[in-house]
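Each reported figure results from applying straightforward, stated rules to the coordinates on display, with no laboratory input. Owing to the predicted nature of the structure, the values given are computational and were not obtained by experimental measurement. We place every Cβ from the backbone using ideal geometry, glycine too, and count neighbours over all the protein chains shown.
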Amino acid sequence: MFKNYFLTAWRNLLKTKGYTALNISCLAIGMAVALLIGLWVYDQYSYDKFLPDYQRLYQVRRNYNSNGQILNFTSTSLKLANTLHDQIPDIEYVAIRTNSNQHVLLNKERRIMLPGITVGSDFLQMFGYPMIAGTPATALRETYSIVLTESTATALFGNEDPMGRMLRIDNQHEMKVTSVIKNLPYNTQQP
C-alpha cells in the first residue's frame, strides 16, 4: 500500500520537475533560515548564563534626552545606586559602572590599548567572575585599584605575578592590580 503511494507521488514529482524543484529548494531555504534564527536566539539567551545566580541579576537602564533624541544608557549614576540600595530593602548589591571606553595601560615598557569600564566596589560580589588571584570582597575596595583579565595580565607583566604591581592608565593615574580574573567567554555581556 505504501509502495503504491510512493510510486504515485514519485510520478507526480517527475511530471512537474520545475514546480517540484522550486518547492524543494524553497523548503530547504526556509528550513535553513529557521535553523539559523533558532541558533541565533539560543546564542542570545546563553549570554551570562555561566555566572552563579545569574537569575538574580538585573540591569537598570536610563534614558537621556539629548535635543529631542532619547538616548538609552546602561551606566548607573552614584545617586541612583544609593537610592536603589537605600529604598529597596531586597537589593543586596548595586554595581555602579560607566560606559565602556578605550584605555591605554602602561607597565614600564609595555603599553596596550583595551576597552574597560569604571565600576563600584560591589561589582565583583554581584558578578561571580572566576578569580585567579584576589578576592571579590577586597578587589575593588581601594580607590585606585584595577582588576585585570588573565590575558591582559600576561600581556602587561608576562609570567610575573601582577598582584600588587602598579600600572599607569591613560597616562593619568597609577593603579594597583588587586585581582586577576579568568578570561571571560565570548557570550559575556560587556559590563
With the first residue restricted to segment 1-27 and required to be surrounded by fewer than 10 Cβ atoms within 10 Å (Cβ to Cβ), and the second required to be in a helix (DSSP H, G or I), Cβ contacts under 9 Å at 6 or more apart or on different chains are L14/T20
I'd like to check something: does segment 29-46 contain any residue that is within 30 Å of G128 (Cα to Cα), surrounded by 10 or more Cβ atoms within 10 Å (Cβ to Cβ) and in contact with a Pro (Cβ under 7 Å, 6 or more places away or on another chain)?
no
